[in-house]
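The values are calculated or read from the model by the stated rules, or taken from the named source; none is laboratory data. Nothing here was measured: the structure is a model prediction, and the numbers come from that model. A quick note on method: Cβ atoms are made from the backbone with ideal geometry, for glycine too, and the neighbour counts reach across all protein chains shown. Side chains included, ligands, DNA and RNA excluded: accessible areas come from the protein's heavy atoms. Shrake-Rupley method; radii C 1.70, N 1.55, O 1.52, S 1.80 Å.
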Amino acid sequence: MNHYIQSFLKGDWKSGIAVFLVALPLCLGIALASGAPLLAGLVAGIVGGIIVSLLSGSELSVSGPAAGLTIIVATAIIDLGSFPGFLVAVILAGVIQIALGLLKLGKIGGFFPSSVIRGMLVAIGIVIILKQIPHAIGDDLDFIGEFEFDQKDGKNTFSEILASFTTLKSGALLISTIGLIILFSWTKLGETFRFMNALPASLFVVLAGVAMNESFAFWAPDWYLGDSKDHMVNLPIFASTSEVWGGLVSPDWSFISNSKVYSIALTLAIVASLESLLSLEATDSLDPLKRISSPDRELLAQGAGNVASGLLGGIPITSVIVRSSTNIYSGGKSRMSGFFHGILLLAAVLALPLYLNKIPLACLASVLLYTGYKLAHPSAFKKVIAEGWKQWVPFLVTIVVVVGVDLLWGIFVGTLVGLVFVLVTNYSSVFTVFQNGNEVLIKFQKDVTFLHKMALKEALRKIPTGSEVFIDISKVHFMDHDINLLIQEFIATAHERGIEADLKKK
């Protein structure tokens, strides 16, 4: 506990503020897009911060409502015709996730190729940049956490950017530009003015954005973004704490007998678990300390979080790479930053809505643009391309599909391509054939599975009559039964082809 207190005091409170500022509009926007009450999104964010952060298998992963579940949640609420009934499905999804964690199935996340994980990170960075450009120049018709390429209004990511320039607002553009200047120069300025290292850059960006917008009201009314919910944070206002509690929706347990609830719960559990495990892998890859998180514990934490969220009237949660990467790039070192962001979300609902509603979305867009740049930094492309085409092909495929469709499709297609390359690599490199005159050496380099059967059969078939064949399996720790049988049959029948064959074991 002392370690966490020290980590919090050294800087986790600063990264917690940065995550809070990013999470606040995302919680509201995802709830709105899902057809759920705004408070349901905030409840999910609070649970993800306070409960899941403490139970998580990762020190840096941050959970909350995810854009990837938006369509599933919206469709489910419509199909059930009841948000309280949908909450029952959220609770059951959490129970399923707990069961998956207890069965130690979290390790499935480790089977996704690293090229796909890296492609996902870069793609999310690109999507963040593309999606935040309209918000940065004052076009806030879509919620700030919207990630899909094709939009409900008929536009797509690129047509939305083009359309946003026709409604450009000078005030929003100036606020976001100043915000980006602050973020990109903060580290350099901190070298000269040491006191700046004690302050979170994102908080300064927000304070500058609020001050600029308020000054526009007096000095440049045409640039003032107003109090319109379209351009500002739009927290629901409650007169008292009791009114907040009264606004929470309780699950309608009469839906427990509705078969649709169980199919929705299973879908939510599978998709939310997949997103969380991939986010966990991605977060570990970004962690400066290169810690290895427990995926099984993460599933348990996510399950407990969804049970709590459903009971309190919140929408489903997952580990979210946007929040997690913001946490890392803001200097987060332990789970206390995620926990603190949950505390700040709770304080925002209970005590600060009037003040937080003064924050222009343009300054929050600049924080997200900075995070997107960090994720999609050109060095990430150079590093993967230098590793060879078997790495950069699935990497680029993942990027293209995530940007051009959505996150889940990108992961699915990228993983399929990545697995094909894994199979190709293993198919061709598990053994080597050396030939010197009529002497043939087949030397196995590593363990052999049934995937190599066809390659070995082809190699054995091509051995010419009159050869002396030596099969070296001294480095093999595991050999699939089919491969062993194939080798034994070849040795037993080699003399019929005029071939002498011998097997070298350890």
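Restricting segment 140-164 to residues that are modelled with pLDDT under 85 and over 22 Å from the mean Cα position of the chain (by Cα) leaves a set whose member that is surrounded by the most Cβ atoms within 10 Å (Cβ to Cβ) is 140. Just one of the numbered conditions (1) part of a loop (DSSP other than H, G, I, E, B); (2) touching a Ser or Thr at 6+ places or on another chain (Cβ under 9 Å); (3) not aromatic (Phe, Trp, Tyr) is not true of residue 341: (1).
Within segment 332-382, the residues that satisfy the criterion of being in contact (Cβ under 8 Å) with a residue 24 or more places away in the chain and basic (Lys, Arg) are 333, 335, 358, 374. Take the residues of segment 60-84 that are touching a Lys or Arg at 6+ places or on another chain (Cβ under 7 Å) and of a type in the set (A, V, I, L, M): which is least open to solvent (accessible area, probe 1.4 Å)? This residue is 62. Hey, could you check segment 101-116 for residues that are part of a helix (DSSP H, G or I) and open to solvent by 10 Å² or more (accessible area, probe 1.4 Å) and say which is farthest from residue 273 (Cα to Cα)? Per the criteria, the residue is 114. Scanning segment 33-42 for residues that are open to solvent by 10 Å² or more (accessible area, probe 1.4 Å), in a helix (DSSP H, G or I) and more than 20 Å from residue 231 (Cβ to Cβ) gives a single hit, 39. Scanning segment 303-321 for residues that are open to solvent by 10 Å² or more (accessible area, probe 1.4 Å) and either closer than 21 Å to residue 121 by Cα or in contact with a Lys or Arg (Cβ under 7 Å, 6 or more places away or on another chain) (or both) yields 320, 321. Reported count of residues in segment 1-32, each being open to solvent by 20 Å² or more (accessible area, probe 1.4 Å) and part of a helix (DSSP H, G or I), is 12. Scanning segment 225-260 for residues that are among the hydrophobic types (A, V, I, L, M, F, W, C), at pLDDT 85 or above and loosely packed, with under 15 Cβ neighbours inside 10 Å yields 245, 248, 253, 256. A single entry from 277, 299 fulfils the requirement of being at pLDDT 95 or above and open to solvent by less than 60 Å² (accessible area, probe 1.4 Å): 299. Screening residue 346 against (1) within 18 Å of residue 43 (Cα to Cα); (2) aliphatic (A, V, I, L, M); (3) open to solvent by less than 40 Å² (accessible area, probe 1.4 Å); (4) part of a helix (DSSP H, G or I) leaves a single unmet condition, (3). Comparison of 98, 91 shows that the only residue that is more than 30 Å from residue 331 (Cα to Cα), open to solvent by less than 40 Å² (accessible area, probe 1.4 Å), touching a residue at least 12 places away in the same chain (Cβ under 8 Å) and not aromatic (Phe, Trp, Tyr) is 91. Please specify each residue of segment 353-383 satisfying the condition of being open to solvent by less than 70 Å² (accessible area, probe 1.4 Å) and more than 19 Å from the chain's Cα centre (by Cα). Correct list: 353, 356, 357, 359, 360, 361, 362, 363, 364, 366, 378, 379. If residue 238 satisfies all but one of (1) assigned to a helix (DSSP H, G or I); (2) in contact (Cβ under 8 Å) with a residue 60 or more places away in the chain, what's the number of the condition it fails? Only one criterion in (1) assigned to a helix (DSSP H, G or I); (2) in contact (Cβ under 8 Å) with a residue 60 or more places away in the chain is unmet by residue 238, namely (1).
Counting the residues of segment 58-88 that are without any contact (Cβ under 8 Å) to a residue 40 or more places away in the chain and assigned to a helix (DSSP H, G or I) gives 1. Scoring residue 331 on the criteria (1) part of a helix (DSSP H, G or I); (2) within 30 Å of residue 213 (Cβ to Cβ); (3) within 22 Å of the chain's Cα centre (by Cα) leaves a single failure, condition (1). The C-beta contact set for segment 139-159 (first residue closer than 26 Å to residue 171 by Cα and outside any loop (DSSP other than H, G, I, E, B), second residue among the polar types (S, T, N, Q) and open to solvent by less than 30 Å² (accessible area, probe 1.4 Å), distance under 9 angstrom, 6+ apart or interchain) comprises 157/151; 159/151.
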